[in-house]
Amino acid sequence: MGLDDSLKGFAITFRQMLRKPETIGYPERKTPVFPRFRGRHRLWTHDNGLEKCVGCSLCVAACPADCIRVVAEENTPENRVSSGERYARIYEINMARCIFCGYCEVACPFDAITLENEYEMSERTRGDLLYTKDMLLAPHPKPVPVRSEVP
Amino acid sequence: MPIRNVVYRQREAGQVLTDLSDYRRAGGYEALRTALTEMDRDETVYAFVRSGLRGRGGAGFPMGRKASFIPKDSVLPAYVVCNADESEPGTFKDRELMETNPFQLLEGITLAGYAIGAVRGYIYIRGEYEHQARILDAAIAQARTAGFLGQGVAGSGFDFDITLYRGAGAYICGEETALLESLEGKRGQPRLKPPFPAVAGLYASPTLINNVETLSALPAIIEHGADWYASMGTEKSTGTKLFSISGHVMKPGNYEIVLHDTTLRELVYDIAGGFRPGREFAAAWVGGSSVNVLGPESLDTPLDYESMAEAGSSLGSAGCIVMDDSGSIVRATLRLAQFYRHESCGKCTPCREGTLWLERILQRIVDGEGRMEDLELIESLAGRMVGRVLCALADTGVLPVTSAVRRFRDDFVHAIENGGVPRPEPMMEVPVGG
Amino acid sequence: MADYAPVDLTAEGQVEFELNGRRVSAPAGTMLVDAAYALGVEVPIFCYEPRLGAPIGACRMCLVEIEGMRGLQTACSTPVQPDMVVRTNSDIAKDGQDGVLEFLLENHPLDCPVCDKGGECPLQDRTFRFGPGRTRFVEAKRHFPKPLDLSSVIALDRERCISCYRCVRFSQDVAEDKALVMQERGAAAEIATLTGDQYEGRFTGNVIDICPVGALTSIPYRFTARPWDVTNTPSICGHDATGTNVELTLREGHVARVTARPEPNYAVEEGWLSDLSRFAYEGNRAPDRLTAPLIRDDGRVKEASLDDAVDAAALVLGRGGRVGILVGPTATVEEGFLAQELARTALGGARIQRLGIPGAGLDAIRSQPRAELGDIDGAGLVVIVGGDPPNQQSIVELRVRKARRRGAAVITVGPRPHALEPVGTAVRSEPGRLAAAIAALDLPEAASTIVLWDEADLAAEPDAAGALARIVGDRGASQIELGADVNGAGLRALGLGAGDVLEAAAAGEIDTLLTIHADPLDGPGAADWGWALGRVRARIAIAAYASAVTDASTVVIPAATHYETDGVYVSMTGRAQRLRPGATAPAGAAPGWELLIALAHRLGAPPPYRSAARAFAAAAAARPALAGLDYDVIGVLGAPVAAVTPVSPNGVNGPREAAGTGLPLVTTTRIFGNAAAHRSEALASVRTGAELVLNPAEGERLGIADGARARLRSPHGECILAVRLAADHPAGAAFATTGVPGAGVERLLPADRGPVNVEIEAP
C-alpha cells in the first residue's frame, strides 16, 4: 500500500464532493412516490355525498393482518349514509397492524376503499393509529408528491 | 266430404241436445244401458282398449290402456275426472260438445266410471266457461232426476254421481296433476310424477283423467262396437277427431273428420274455405300452440298422429291455427311466448325463468333490439328447459318458439337486421294478460 | 340447515348401483341425493329438505343423468334402484346444473355485499361450485320494493326469492300454521301470508334457517355481522326443559343470534327451534342484567369487585349459624353439585334444596321406560296427559304433529285447552281429577305408544301418576316427562330434592340463605317465601338478573347466564347435554361454577378441581345417575343419564285436595309470557301478559265482564288480573297465567305447586 493508492482514494472522495448529493432533505423535502404506491387508506363518497362503503366487510375477510373492523347498520330515510341498504356505522383500520397489501382495495365491490400515496402516519401512541371512519373519509393532511409512472 | 259426425252427435241430429229427451231420441244412453246390462267391467275396459281410442287432450295416450292401469284391489275409492279445462290456444272443440251435447259427456264419464269401478266423477271445467258450466249443471240435474246418475244408475246396481267443479282460469290446470291439485282445493301446480294419477290421483286415490272429447267418444264405441271404431283411420290413429280451425281461414270452426283420411291442405282449403283472395298459406300450428310450427311444405301431410309426428310436429289437441302470408311469424311467436310466460305456474325453475327469458328475447327482436346471437341463445335456453321441467307446459311450450326460429329463420334474421317487426294493423292487437 | 337426510350406509337391505363410475351401495328407498352425499358426492339442491316431507322437485337443481332414462332426472325424488347407472358429473348433468343456476340467477339481484346471507348462502356457494360464472341475460331484472316485514322478526326480500317453497312447506306441513303461501304465478310469484297479516306463530323463525337465499332474514340480526366476523358455538337453548340444541353466533363478546345447528340433533329438536329459543338471546343484555357485584352494609349499597364480593359472601357464610341453600331451576349440574359439596364440607349441616316440584309421587311413572323426543315420530299412538306442550315444551308440538301426519293417533287429556288438542281426540278433565279421566280413557290398539305427561299436573295428583304408570307398563309403552324446569332433571340426578328450607326459614331455623340462580319471590309460593325470607338474617345471591331476592340480599354476585358458561343441563327426557359459552360474561360477572369454587376456597374447603369439566367429572363419580358421563362422552349431541332418578327423601307430595275455597285454580303458561320473552326486544310485539280466563258462564255467575279486572285470593296470597271470558275454557275452574314477570299469580300458589282454590271478586 503506497502513496499511489491513497491518492486514488482521495480522488474518489473529491469527485464525489463535486457531485449533487443522492440524499434528500426529508422532511423538508419528500420523495415523490409512484402512482401505484400503496400508502394510507382513503374511504370515498359518491358525488351526492353518500358513502360508497355499504359495510359489507369483504375487506375484513380479505385482510391478512386482521386490522379492519366494520360494524354495519341499516340506512333509514332519516339517516341515509350510503347508497345501499346498509352502511358502515363503524369503520376502523388499525394502522399499527396494517401491512399495506392492498387486498382490501381489491376485495371492495364498490371501490369504496383505496390505498393512496401518503405514508406519513407516525403517532406518539398506539391508540392514535386506530383510524376511524371520519379520518379515513377525510383527505390526508400531509399530501405526498407523485411522480409519473415511468422514471 | 270427409266430415263424419260421430262424436258431434248434435250435428248428426241437426239439433242442440241439451234436453235429455232430445238426447235419448238421438240414441243417447243406449250405450250405457248396453254396458250395464250386457257387459261386465273388464269387458268395458277391453272395448276401450280395442277401439284404439287415444286421449284427445293433446298427449294422445291410449285411453283404454290408461283405464286398465287403475288398480282393482285398492282400498281407496276410484274416481273419473273429466278434464274440461280446454285452455290450449286455438282449441274450442270441447266447448261445443258441452254446450250442445252435454249428456253424451255425462254418459261417457258414467261409462268410464263403470269400467274402472269408480264411485264418483268430476268435471273440472275452466272458469271462463260459465255458460257451458250452467248447461252441464242443468244436464247433471236432469240425468239425476231420470236416474242416469245417483244410486243405481239406469236401474242397475252401479252407484255413480258426477260433480261439476269450476276452475279459476289457469292454463296449467289443464295439466292433469295440477288439475287434481286444484280440484282438491290447493294451488294449481303440477305434482311430481311418479306416482301417476292412475295409482295415486285425486285424494291419493286411483283416478282416471280424460279429456271431454275422449270421454264423449265412449258412448259411440260401446254402441257401435270397438271394431267399428277401430276400423276408421289407421292402426295407431283410430276413429274420428274434432278439429278446431282458426286463424286466417275463411270458415273457421269445429270439424269432425276421420283420422288419416284428410290432409292438412284439404282441411285448410276445402273444409275451412282457404284464405282471403291473394293470400297464401304461410304457417300452421296443427295441434294447438304447443307444437312445432309447420310451413307450406307440410300441407300434404295426412292428419293423424303418426303422420304429424313424421312431419316434425304433433296432432296435439287438433286446435289448428293457420296463418296466411299477411302476418308476421316473428310477432306471432312472441305472442305465443307471452302466453307461456303468463301461464307458467312458477313451480319449477327452468319453466318459470326460461319462459320469461324467451319472451324478453323475442320482445327485443320485435322491438328492433335483437342480436344475431339471440337465435342461438333461444336454442340453448330451450335445450336447457326441455326434459328438465316438472310438467309438459315448458316441455312443449318452447316448441312453437324453437321451431319458428328454425323453420322461419329468415324472418327472424330479417327482423334483427331491419330494426324489428313493424306494428300490425290495429285489428290484430290482442290484449296481453299479466 | 340439514339439507341432506342422514343415511346409514351399513343398514340392512343395501342396493348396489353405479355412481360416477364407482360401484356403490345404499339402503333401498334412499333418495339418490342423500345416498350420493353420504358417499361423498354432492348433488346440489335448493328445494329439497327431507325434514319438510316428500320432495317436490321444484328447483330442478339436482338434475343428474341416469342411464336409460330420457332427459335428466331429479336426484331428490329418485330412490336408488339396483344397478342404476348415475352420473352427476357428465357433460349433460353439468349442463343441467349450469342451466338451472343460470335460470335462478336471471332474476336474482347480485346484492350479496349488502345481503345478510352473503358468505353463508347456499345459492352463492353452489353458484361458485356448479354455476356458469357468467350470465347471458342482458335484460333488466325483476324488481320489488324491499325489504318487507313478514313479521316483526322476519324481513322478506322478494327479489332474492328463488321460489323453492321451503318456507311455505314449513308453514303448511311442519308447523301447520297454514300462514305462508305463494301468491301470483310464474316469474311474478311471491311469498306472503294468506291473510296479508304478519306471520305470527311459535316457530316462525325456522323459515330464516331453511331459506337457501337471503329472501327471509332475521330482523334482530339484520346487518349485525358477516359470517367471517363471528364464531359459532353449539349449545343448548336453555329456556325450556326440552334441551333443544342450538348454535350461538358470537360477535365481539355478544350473542349475535341463535340458530339451529347445521347438523341437527334428530333425537331432540330435529333442527327446528321455537321463536323463544331463537329470539330470547336479546335478553342476555337486558337492563335488569346484573353486571356489578353489590354489597349492602347497614342499608348502604356499594358496588364491589368480584373478589371482594366473594370475600364478603365467605365472611357472612363463615360466621357460623344455620345456612340454607336454594338452587334454582336454571342452575347447571356443576353448580348444583358444587353447592351440594359446599353444604357437605365447608358449610357442614347446611340445608340444601332445589326450587321445583317435589314429585315423590312421580317415581312410578318416571321409572317406566323413557323415550326421546325423536321417538314420537314413529309412534302409533301419542297420549298427552296434562300440561300445555305448545307453550311449555314447544318443540314437542312439531314432533306430535309429525307423528299425526305419519298416521299416529293423538289423544290429549287435561284440564286446560291447548294447541295440540285439535290435532287429535281431546278429553277434558276436571281440575284435580286427572286420575278419573285417565281411568276412563279408551286407548286404541297401537304398535307403539308414547305417553307424554306433565310434571306439574301429575305431581299434584300422585294417584293419577300411578294410574298412568300402570297404563304405560301394561301396554309396553314408553313415556316422556313434560318437565317444568329447565334443568329439573339434572338437579334431580344429583339427588337434590325440593326440601324443607322454606319450612325451616319460616320457623326461624335459618340464619343465612344462599340462593343460586334461584328467585323464590317470583315463583310458586312467592307469598310464603316472602314471609319466610323476612326471618332470615342474611341473604347471599348468585344470580344473573336483578330480582326481589337480589334487591333484598346482603351480597349479590352476578353470574354468567347459560349463554356464557360451560355446564351440563339434563333435558326432561334424561339427556345430558353441554352448554358452551357463546358469549362473554360482563366484566363484573363470572360463571356460577367459578364463583362457587372460589367461595369454597375462601371457606377453607377447596375442591380439587378448577374447571367445569373436572367439576362435572367429580359429580359423575359421586352420583350414580351420572355414572360414566364426562364432557367427552356427552359430546356434541348429548348422552342419556341413568334412568334412576332418585328423589331426596325430604321431598314431599303435594296435598291431594286443593286448599281454600272457591274455584279450582288451573295455571297456564304462554310461550312468550315468561321473563325470557319479556326481556327480549325481538319478541316485544308477540309477548303476552297475565290474565284470568273464565268460561262466560262463570263470568256471569261472578258478575265479572270480559276485559274487567278481578282480584284472586287463595290461602297463600292474592293478585289482580285482567279477565278474559272464553267459551273454549270449561266452567268450574279459573285459568290464570303464571310465569309473567311482575304479575304475581305465583303468590296464589303453594311452594310445591300443589292445587289451590281461589276466590274471585271484582277489586
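The values are calculated or read from the model by the stated rules, or taken from the named source; none is laboratory data. On a predicted model such as this, the values are computed, not experimentally measured, just so you know. Note: ideal-geometry Cβ built from the backbone for every residue, glycine included; neighbour counts use all protein chains shown.
So if I check each of B:LYS241, B:LYS251, B:LYS236, which one is basic (Lys, Arg) and in a strand (DSSP E or B)?
Working: B:LYS251 fails: in a strand (DSSP E or B); B:LYS236 fails: in a strand (DSSP E or B).
Step by step, each of B:LYS241, B:LYS251, B:LYS236 is checked, and only B:LYS241 is basic (Lys, Arg) and in a strand (DSSP E or B).
Can you find, within the stretch C:124-142, the residue that is nearest to C:ILE56 (Cα to Cα) among those that are part of a loop (DSSP other than H, G, I, E, B) and of a type in the set (Lys, Arg)?
Keep residues of the stretch C:124-142 that are part of a loop (DSSP other than H, G, I, E, B), which gives C:131-142.
Filter again for of a type in the set (Lys, Arg), leaving C:134, C:136, C:141-142.
Details: C:ARG134: 28, C:ARG136: 28, C:LYS141: 26, C:ARG142: 25 Å.
For the stretch C:124-142, the residue satisfying everything is C:ARG142.
Mind listing whichever residues of the stretch C:261-313 are without any contact (Cβ under 8 Å) to a residue 60 or more places away in the chain, in a loop (DSSP other than H, G, I, E, B) and within 30 Å of C:LEU637 (Cβ to Cβ)?
Residue satisfying the conditions is C:ARG261 alone.
With respect to C:ILE191, determine if the residue is closer than 18 Å to C:ILE45 by Cβ, within 13 Å of chain B (Cβ to nearest Cβ) and either outside any helix (DSSP H, G or I) or basic (Lys, Arg) (or both).
Details: closer than 18 Å to C:ILE45 by Cβ: no; within 13 Å of chain B (Cβ to nearest Cβ): yes; either outside any helix (DSSP H, G or I) or basic (Lys, Arg) (or both): yes.
No: the conditions fail for C:ILE191.
B:ALA284 - would you say it is within 22 Å of the chain's Cα centre (by Cα) and without any contact (Cβ under 8 Å) to a residue 40 or more places away in the chain? Steps first, please.
Numbers: within 22 Å of the chain's Cα centre (by Cα): yes; without any contact (Cβ under 8 Å) to a residue 40 or more places away in the chain: yes.
Here the answer is yes, as B:ALA284 does meet what is asked.
Out of C:ALA727, C:ALA762, C:ALA734, report the one residue that is touching a Leu at 6+ places or on another chain (Cβ under 6 Å) and either crowded, with 16+ Cβ neighbours inside 10 Å or over 30 Å from C:VAL258 (Cβ atoms) (or both). Full working, then the answer.
Numbers: C:ALA727 fails: touching a Leu at 6+ places or on another chain (Cβ under 6 Å); C:ALA762 fails: touching a Leu at 6+ places or on another chain (Cβ under 6 Å).
Matching residue, one of C:ALA727, C:ALA762, C:ALA734: C:ALA734.
Can you spot a residue in the stretch A:117-126 that is in a strand (DSSP E or B), over 30 Å from C:LEU148 (Cβ atoms) and away from every other protein chain (no Cβ under 13 Å)?
So far as the stretch A:117-126 goes, no, none of its residues is in a strand (DSSP E or B), over 30 Å from C:LEU148 (Cβ atoms) and away from every other protein chain (no Cβ under 13 Å).
For the subset of the stretch A:36-81 comprising residues that are within 23 Å of C:ASP116 (Cα to Cα) and touching a Pro at 6+ places or on another chain (Cβ under 8 Å), which member is surrounded by the fewest Cβ atoms within 10 Å (Cβ to Cβ)?
A:LEU58
For every residue, the table says whether it meets (1) surrounded by 16 or more Cβ atoms within 10 Å (Cβ to Cβ); (2) away from chain B (no Cβ under 11 Å); (3) β-branched (Val, Ile, Thr); (4) without any contact (Cβ under 8 Å) to a residue 24 or more places away in the chain.
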site	(1), (2), (3), (4)
C:GLY40	no, yes, no, yes
C:LEU63	yes, no, no, no
C:THR74	yes, no, yes, yes
C:GLY96	yes, no, no, no
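Considering the stretch B:273-295 alone, what residues qualify as being touching a Lys or Arg at 6+ places or on another chain (Cβ under 7 Å) and under 27 Å from B:TYR171 (Cα atoms)? Write out each step before concluding.
Of all residues in the stretch B:273-295, those touching a Lys or Arg at 6+ places or on another chain (Cβ under 7 Å) come to B:273, B:293, B:295.
Of everything in the stretch B:273-295, those that are touching a Lys or Arg at 6+ places or on another chain (Cβ under 7 Å) and under 27 Å from B:TYR171 (Cα atoms) turn out to be B:VAL293, B:GLY295.
May I ask you to list the residues in the stretch B:271-307 that are touching a His at 6+ places or on another chain (Cβ under 6 Å) and of a type in the set (Gly, Ala, Ser)?
Initially, the stretch B:271-307 is screened for residues touching a His at 6+ places or on another chain (Cβ under 6 Å), giving B:275, B:302, B:304.
Answer for the stretch B:271-307, where residues must be touching a His at 6+ places or on another chain (Cβ under 6 Å) and of a type in the set (Gly, Ala, Ser): there is none.
Would you confirm, using the coordinates I've provided, whether B:ARG341 is in contact with a Ser or Thr (Cβ under 6 Å, 6 or more places away or on another chain), assigned to a helix (DSSP H, G or I) and facing another protein chain (nearest Cβ under 9 Å)?
On the way: in contact with a Ser or Thr (Cβ under 6 Å, 6 or more places away or on another chain): yes; assigned to a helix (DSSP H, G or I): yes; facing another protein chain (nearest Cβ under 9 Å): yes.
Yes.
So, C:LEU104, is that one crowded, with 22+ Cβ neighbours inside 10 Å, more than 10 Å from every other protein chain (Cβ to nearest Cβ) and not small (Gly, Ala, Ser) or not? If you could, list the steps in order and put the result at the bottom.
Details: crowded, with 22+ Cβ neighbours inside 10 Å: yes; more than 10 Å from every other protein chain (Cβ to nearest Cβ): no; not small (Gly, Ala, Ser): yes.
Judged against the criteria, C:LEU104 is not a match.
So that you can scan it fast, the table gives a plain yes or no per residue for (1) buried (at least 24 other Cβ atoms within 10 Å of the Cβ); (2) more than 13 Å from C:GLY99 (Cα to Cα); (3) under 21 Å from the mean Cα position of the chain (by Cα):
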site	(1), (2), (3)
B:ARG331	no, yes, no
B:ALA337	yes, yes, yes
B:HIS342	no, yes, yes
B:MET385	yes, no, no
B:LEU393	yes, yes, yes
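Which of the residues that make up the stretch C:183-199 are touching a strand residue (DSSP E or B) at 6+ places or on another chain (Cβ under 9 Å) and farther than 20 Å from B:GLY346 by Cα? Don't jump to the end; show me each part of the working.
Pass one, the stretch C:183-199, residues touching a strand residue (DSSP E or B) at 6+ places or on another chain (Cβ under 9 Å): C:183-184, C:189-194, C:198-199.
Within the stretch C:183-199, C:GLN198, C:TYR199 meet the criteria.
To keep it simple, each residue is scored yes or no on (1) under 22 Å from the mean Cα position of the chain (by Cα); (2) under 30 Å from C:PRO147 (Cα atoms); (3) more than 10 Å from chain C (Cβ to nearest Cβ).
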position: A:ALA11; (1), (2), (3): no, no, yes
position: A:THR23; (1), (2), (3): no, no, yes
position: A:ARG36; (1), (2), (3): yes, no, yes
position: A:CYS67; (1), (2), (3): yes, no, yes
position: A:ALA72; (1), (2), (3): no, yes, no
position: A:PRO77; (1), (2), (3): no, yes, yes
position: A:ARG80; (1), (2), (3): no, yes, yes
position: A:PHE100; (1), (2), (3): yes, no, yes
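Scan the stretch A:83-96 and report the pairs whose first residue is within 12 Å of another protein chain (Cβ to nearest Cβ) and whose second residue is outside any strand (DSSP E or B) and acidic (Asp, Glu), with Cβ atoms within less than 8 Å and a gap of 6+ or a chain change.
A:GLY84/C:ASP111; A:GLU85/C:ASP111
How about the stretch C:143-187: which of its residues are within 14 Å of chain B (Cβ to nearest Cβ), free of Cβ contacts under 8 Å to residues at least 12 places away in the same chain and not in a loop (DSSP other than H, G, I, E, B)?
C:GLN172, C:GLN183, C:GLY186
Can you tell me which condition C:GLY53 does not meet? The list is (1) over 30 Å from A:ARG86 (Cβ atoms); (2) more than 14 Å from chain B (Cβ to nearest Cβ), and all the others hold.
So C:GLY53 meets the others, but not (2).
Would the stretch B:133-148 turn up any residue that is under 23 Å from the mean Cα position of the chain (by Cα), at pLDDT 95 or above, surrounded by 15 or more Cβ atoms within 10 Å (Cβ to Cβ) and in a strand (DSSP E or B)?
no
Would you tally the residues in the stretch C:374-390 being touching a Phe, Trp or Tyr at 6+ places or on another chain (Cβ under 9 Å) and either buried (at least 20 other Cβ atoms within 10 Å of the Cβ) or not assigned by TED's automatic domain parsing to the domain that holds C:ARG475 (or both)?
5
Do we find a residue being in contact (Cβ under 8 Å) with a residue 60 or more places away in the chain, of a type outside the set (A, V, I, L, M) and closer than 15 Å to C:ALA465 by Cβ anywhere in the stretch C:372-389?
Initial filter on the stretch C:372-389 (in contact (Cβ under 8 Å) with a residue 60 or more places away in the chain): C:372-376, C:378-389.
Applying the additional criterion that residues be of a type outside the set (A, V, I, L, M) yields C:372, C:374-375, C:378, C:380, C:386-389.
Next, only the ones that are closer than 15 Å to C:ALA465 by Cβ stay: C:386-387.
Yes, the stretch C:372-389 contains at least one residue that is in contact (Cβ under 8 Å) with a residue 60 or more places away in the chain, of a type outside the set (A, V, I, L, M) and closer than 15 Å to C:ALA465 by Cβ.
Could you figure out which of (1) within 28 Å of B:LEU180 (Cβ to Cβ); (2) touching a residue at least 12 places away in the same chain (Cβ under 8 Å) isn't true of B:PRO195?
(2)
With facing another protein chain (nearest Cβ under 10 Å), closer than 28 Å to C:LEU156 by Cβ and out of contact with any Asp or Glu (no Cβ under 9 Å at 6 or more places or on another chain) as the only criterion, which of A:CYS56, A:CYS108 stands out? Steps first, answer last, please.
Details: A:CYS108 fails: closer than 28 Å to C:LEU156 by Cβ.
Only one candidate qualifies: A:CYS56.
Do any helices (runs of 4 or more DSSP H) entirely within the stretch C:332-418 hold 2 or more residues that are closer than 30 Å to C:ARG602 by Cβ and under 23 Å from the mean Cα position of the chain (by Cα), and if so, which? Reasoning before the result, please.
Working: elements: C:333-344, C:363-366, C:389-392, C:395-405.
Correct list: C:333-344.
Only one of these conditions is not met by B:SER328: (1) out of contact with any Ser or Thr (no Cβ under 9 Å at 6 or more places or on another chain); (2) touching a residue at least 12 places away in the same chain (Cβ under 8 Å); (3) within 11 Å of chain C (Cβ to nearest Cβ). Which number is it?
Just one mismatch for B:SER328, condition (3).
So is C:GLU49 farther than 26 Å from C:ALA260 by Cβ and among the acidic types (Asp, Glu) or not? Spell out the reasoning first.
Numbers: farther than 26 Å from C:ALA260 by Cβ: no; among the acidic types (Asp, Glu): yes.
In short, no.
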